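*Asks:* Have a look at the structure that comes next, please.
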Amino acid sequence: MPKIVKLGNVNLHCFTQRVIDRFPNVHLGKNSRVITNNILKKDPRLNQFFNNETMGALDNYAAHEKMNIYITPLENDMFNDVAVSVYKNSKEMIRFPYDIAKSKEEVPQFLRDLYNKIHKAVHPSEEPIKTQNVSHSIWKDAKMYFENVAERYNKTRFSILDKFE
């Protein structure tokens, strides 16, 4: 909680070190598009996954797409470790919690999943549309037509019987 100190007519905000560490002021990568805070940088378990070496490709992608990515640790969440927020044109596009890898061997898969999730958030229309390949035949079309006609006939017949009662 900040303390407000009054010196004459000026109000000064005095923040504790814990509050200052929560401000997103640590830039990762060459272009500084991936931003985190000091709490994440001081945590030895998290900073091995989020540093200049691992976030370099994501930073280049963010610079190419002209977006900012904020990564903040979730301190009180027992299932997820960090929250990732993607901003483009100063508007939040998506915010999602994310669970980091459990071991050092899973880091490439973790980074690949993170990049894919961010890419799908930025470009939702590029997801492949699943289509079903149907081989058309006259007999199948005729059968489906007559089944639909019979179904409509039964519905109207039953609705007339329902009205009769």
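The values are calculated or read from the model by the stated rules, or taken from the named source; none is laboratory data. What you are looking at is a predicted structure, and each value in this text was computed from that prediction instead of being measured. Positions of Cβ are backbone-derived with ideal geometry, glycine not excepted, and every protein chain shown enters the neighbour counts. Accessible surface is based on the protein model in full, side chains and every heavy atom, while ligands, DNA and RNA are left aside. Shrake-Rupley method; radii C 1.70, N 1.55, O 1.52, S 1.80 Å.
*Asks:* Among rounded, prolate and oblate, which fits the stretch 64-121 when a ≥ b ≥ c are the square roots of the eigenvalues of its C-alpha gyration tensor, a/c under 1.5 means rounded, and a/b larger than b/c means prolate?
*Replies:* It is oblate, given that a/c is not under 1.5 and a/b is not larger than b/c.
*Asks:* Then there's this: For S90 paired with M78, estimate the spin-label separation in nm (one decimal), with each label point 7 Å from Cα along the Cα-to-Cβ line.
*Replies:* It works out to 4.1 nm between the two label points.
*Asks:* Hey, another quick one. So what is the accessible area of the stretch 19-131 per residue, in Å², with the probe set to 1.4 Å?
*Replies:* So the stretch 19-131 comes to 61 Å² accessible per residue, rounded to a whole number.
*Asks:* For D21, D43, what's the largest-to-smallest order of accessible area, 1.4 Å probe?
*Replies:* D43, D21
*Asks:* Quick one: length gained pulling F15 to R45 fully straight, 0.36 nm per residue minus the C-alpha distance?
*Replies:* In short, 8.2 nm is gained.
*Asks:* Of K143/K163; K66/K117; K42/K91, which ones are farther than 27 Å apart at the Cα?
*Replies:* K143/K163; K42/K91
*Asks:* List the aspartates and glutamates whose Cα sits under 19 Å from the Cα of K155, skipping any in the same chain fewer than 8 residues away.
*Replies:* E147, E165
*Asks:* Here's another thing I want to ask about it. Would you mind telling me the share, in percent, of accessible area of the stretch 29-114 contributed by carbon and sulfur at probe 1.4 angstrom?
*Replies:* Looking at the stretch 29-114 in its full context, I get 49 percent from C and S.
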